[in-house]
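Peer 1: Let me give you the structure first, and then I'll get to my questions.
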Amino acid sequence: MKDTRWISIGRAGAVVWVLCLAAAGVRAQSITLDEAKALHDDATAAREAIERVGQTATTAAQRKDAGDAKAAIGRVTERLDGWIKQLEAEEAGNAGDVYAGGTKYPAAARVRIEPFSVPVDATVVHVPVTLDMASVNTVIAYIRVFDGDGGRAAPDTQKSVIFRPGDPLTKTVRFHVRNMSAGNDVRAVQYEVADGADTEGGGIRITAEAGAVNEPIEGGRAPMHFEPHGELTYSATGATIRYDDQGGPGVFATGLPHGRTQVGNGETGYYGTVDMGGFKPTDDGLMLMSRRLDEPVMVGSPATAYPFLATVLSGRHTPETYFKYGSVEWVVKMPNRKDSWPALWLMAVGGWPPEIDVYEGFGYNGSWRFASSLSSNLHGGTNGRRTFTRPAMRMSMQNFGLDPTLDTAFHTFAATVEPEWITIFVDGVETMRYANPFAGQTWFPLTNVAVKAPVESAYEDGTGAMTVRSIKVWRAE
């Protein structure tokens, strides 16, 4: 006969656990200080009740369950303590600017998976994936399930689970398995560091056990779809984009705001002037080309050689592309040449940082796949000094149900900047969202193909050109 005391405690603990996790996302839920304190009291009462029941437990398994439940609620109570302190400080008017004028960003959440059991003969496992706290940005975790002791993955595969700001802190990802007789197991691991977060812990066992329950955990919102924010202030096709070496009203510049080289991040390409032939109008759009130069460009004293041509369209002197809050959209086809570094990004009119990377193609990274890989990032800081980043660079088109054809077909990239949020879209689908630490900044777009190839490289495989079909900017403010 089952011990009903443990069923009741288990259910009560689960309820408190969910409530406490919700409290950890106070920003998303706008919880009050009194509500946070009430939840803290409930969690404390549950912990004390579980401790009392544990003292009267009659088996080692029951004592272990009570200890685990007590420890789990204790961790959440500690998290609530932190939120209560912050809410008390805010109520007293002492919290200050959490972003410190765009130079700080809240700590990244940590992603974990823990061992669990499934019913005997299970053919599907639902792997719980948990954030240790609410995240101010989208988090994408990557889970692999593979063969274990007797159990078999069907097949050995990797999947992603997406946590958008405000989502529950635990979700499950579904895998097929076989040979899950009693005592058999399969293994799981986070096979990549999570995008937008840190990863903790190692691999786990998923064990078949009589009476085990393993159900999916539902929740979270669907991705948003892109809708421009504001009034259209700039729109051009590949055939109508205007550019020259200085830039101006309605005209993009062919250099970066600070010049034609990027020393700080190891680029070996020189951002060429129009007469160097880096821009080529075609029936498909305007090609921004990169290639090896016949003779390197020598820059500085002592001179540094730049053996490759890079290209950029900068809106720094193009007021029609400025916006504080609004949207920008590019329709482009990416290059696929090794060591090319295409990017779509926003920079503040007042200087770098800050920076919003809508897309970067890290062609100098051996794991990068131009057809499918995606990335985005925030760079914070001031006066030329970066003080934080929050990257997402392991995601792919497939994570969002999109075709992995970035280098063979045109795709649409967009970003919307609002006072509280920065949201990135690919082909109209939300891929990343960040709490906006740069409120009040005015932005302009840049479109470029950088080069980060060794100086001795032939730099000739594949295509080194990004083709731009259109660029649009909407301004709300």
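Peer 1: Give me the percent of DSSP beta bridges within the chain that run antiparallel, rounded to the nearest 5.
Peer 2: Of the beta bridges lying entirely in the chain, close to 90 percent run antiparallel.
Peer 1: Next question. If every alpha-carbon in region 155-281 counts as one equal scatterer, what log10 I(q)/I(0) does Debye give at q = 0.10, 0.15, 0.22, 0.23 1/Å?
Peer 2: Log10 of I(q)/I(0), two decimals: -0.70, -0.92, -1.35, -1.41.
Peer 1: When 1/r is averaged over all different Cα pairs and the result inverted, which Kirkwood radius in Å belongs to region 53-194?
Peer 2: Details: mean 1/r = 0.0552 Å⁻¹.
Kirkwood hydrodynamic radius for region 53-194: 18.1 Å.
Peer 1: Which of the listed residues, Tyr364, Ser457, Thr170, is farthest toward the dipole's positive end in the chain, when Lys, Arg count +1 and Asp, Glu count -1 at the beta-carbon?
Peer 2: Thr170
Peer 1: Measure out, as a whole number of angstrom, how far apart the alpha-carbon centroids of region 441-477 and region 230-277 sit.
Peer 2: Region 441-477 and region 230-277 have Cα centres spaced 9 Å from each other.
Peer 1: Among the lysines, which have Cα under 17 Å from the Cα of Lys171 when same-chain residues fewer than 8 positions away are ignored?
Peer 2: Output for Lys171: Lys159.
Peer 1: Three principal axis extents, largest first, for the C-alpha atoms of region 341-457, in Å?
Peer 2: 39, 37, 20
Peer 1: For Arg221 and Thr157 in one chain, what is 0.36 nm times their gap in residues minus the Cα-Cα distance, to one decimal in nm? Kindly include the intermediate steps, with their values, before the conclusion.
Peer 2: Details: separation 64, 0.36 × 64 = 23.04 nm, distance 2.51 nm.
Length difference between fully extended and current span is 20.5 nm.
Peer 1: I've got another one for you. For the chain, find the longest principal axis of its Cα atoms and tell me its angle to the long axis of helix 33-55, 0 to 90°, nearest 10.
Peer 2: For 33-55 against the chain, the angle is about 40 degrees.
Peer 1: Grab the eigenvalues of the alpha-carbon gyration tensor for the chain, scale each by 5, take roots, and send me the semi-axes largest first in whole angstrom.
Peer 2: Values: eigenvalues 469, 145, 65 Å².
After scaling each eigenvalue by five and taking roots: 48, 27, 18 Å.
Peer 1: Would you calculate a helix-derived [θ] at 222 nm for the chain, using -39,500 (n - 2.57) for each DSSP H run of n ≥ 4 and dividing by the full residue count, to the nearest 500? Numbers along the way, then the final one.
Peer 2: Details: 4 runs with 80 residues, N = 477.
Counting only the DSSP helices, I get -6000 deg cm²/dmol.
Peer 1: Let me ask something else about it. Could you tell me the distance between the Cα centroids of region 143-194 and region 350-409, to the nearest Å?
Peer 2: For region 143-194 versus region 350-409, the Cα centre distance is 26 Å.
Peer 1: Label-point separation (nm) for Ser181 and Thr405, each offset 7 Å from Cα along Cα-to-Cβ?
Peer 2: In this crude spin-label approximation the distance works out to 4.8 nm.
Peer 1: Shifting gears a bit: Give the angle, between 0 and 90 degrees and rounded to the nearest 10, that separates the Cα long axis of helix 60-91 from the longest principal axis of the Cα atoms of the chain.
Peer 2: Taking Cα atoms only, the helix is inclined about 50 degrees.
Peer 1: Excluding ligands, DNA and RNA, what is the solvent-accessible area per residue of the chain at a probe of 1.4 Å, expressed in Å²?
Peer 2: Numbers: 21350 Å² over 477 residues.
On a per-residue basis, the chain sits at 45 Å².
Peer 1: Counting only protein heavy atoms, what percent of the accessible surface of the chain is carbon or sulfur at a 1.4 Å probe? The partial results should precede the final answer.
Peer 2: Details: 10610 of 21350 Å².
Carbon-and-sulfur percentage of accessible area, whole number: 50.
Peer 1: List, in the order given, every pair from Lys333/Lys452; Lys280/Lys333; Lys104/Lys333; Lys333/Lys472; Lys280/Lys452 whose Cα-Cα distance in the structure shown is over 25 Å.
Peer 2: Numbers: Lys333/Lys452 20 Å; Lys280/Lys333 14 Å; Lys104/Lys333 34 Å; Lys333/Lys472 16 Å; Lys280/Lys452 22 Å.
Over 25 Å apart, Cα to Cα: Lys104/Lys333.
Peer 1: Any aspartates and glutamates with Cα under 19 Å of the Lys37 Cα? List them, leaving off those in the same chain fewer than 8 positions away.
Peer 2: Answer for Lys37, where 19 Å is the Cα cut-off: Glu48, Glu78, Asp81, Glu88, Glu90, Glu91, listed by chain and number.
Peer 1: Between Thr123 and His258, what is 0.36 nm times their sequence separation minus the Cα-Cα distance? Round to one decimal in nm. Don't skip to the answer; put the middle values down first.
Peer 2: On the way: separation 135, 0.36 × 135 = 48.60 nm, distance 5.85 nm.
Gain on stretching Thr123 to His258: 42.7 nm.
Peer 1: Where does helix 4-24 land angle-wise versus the long Cα axis of the chain, in degrees 0 to 90, nearest 10?
Peer 2: So the helix axis and the longest Cα principal axis differ by about 20 degrees.
Peer 1: Can you bin region 246-389 into rounded, prolate or oblate? Criterion: square roots of the alpha carbon gyration tensor eigenvalues sorted a ≥ b ≥ c, rounded for a/c under 1.5, prolate for a/b above b/c, oblate for the rest. Show your work: numbers first, answer last.
Peer 2: Values: a/c = 1.18, a/b = 1.15, b/c = 1.03.
Here region 246-389 falls in the rounded category.
Peer 1: Using the eigenvalues of the Cα gyration tensor, what equivalent ellipsoid semi-axes result for region 132-201 when each is taken as the square root of five times the eigenvalue, whole Å, largest first? Please list the in-between numbers first.
Peer 2: Details: eigenvalues 148, 24, 20 Å².
For region 132-201, the ellipsoid semi-axes come out as 27, 11, 10 Å.
The values are calculated or read from the model by the stated rules, or taken from the named source; none is laboratory data. The structure presented is a predicted model; accordingly, all values stated were derived computationally and were not measured. Here the Cβ is made from the backbone with ideal geometry for all residues, glycine too, and neighbour counts use every protein chain on show. For the accessible areas, the whole protein counts, side chains as well, though only heavy atoms, and no ligand, DNA or RNA atoms are used. Shrake-Rupley method; radii C 1.70, N 1.55, O 1.52, S 1.80 Å.
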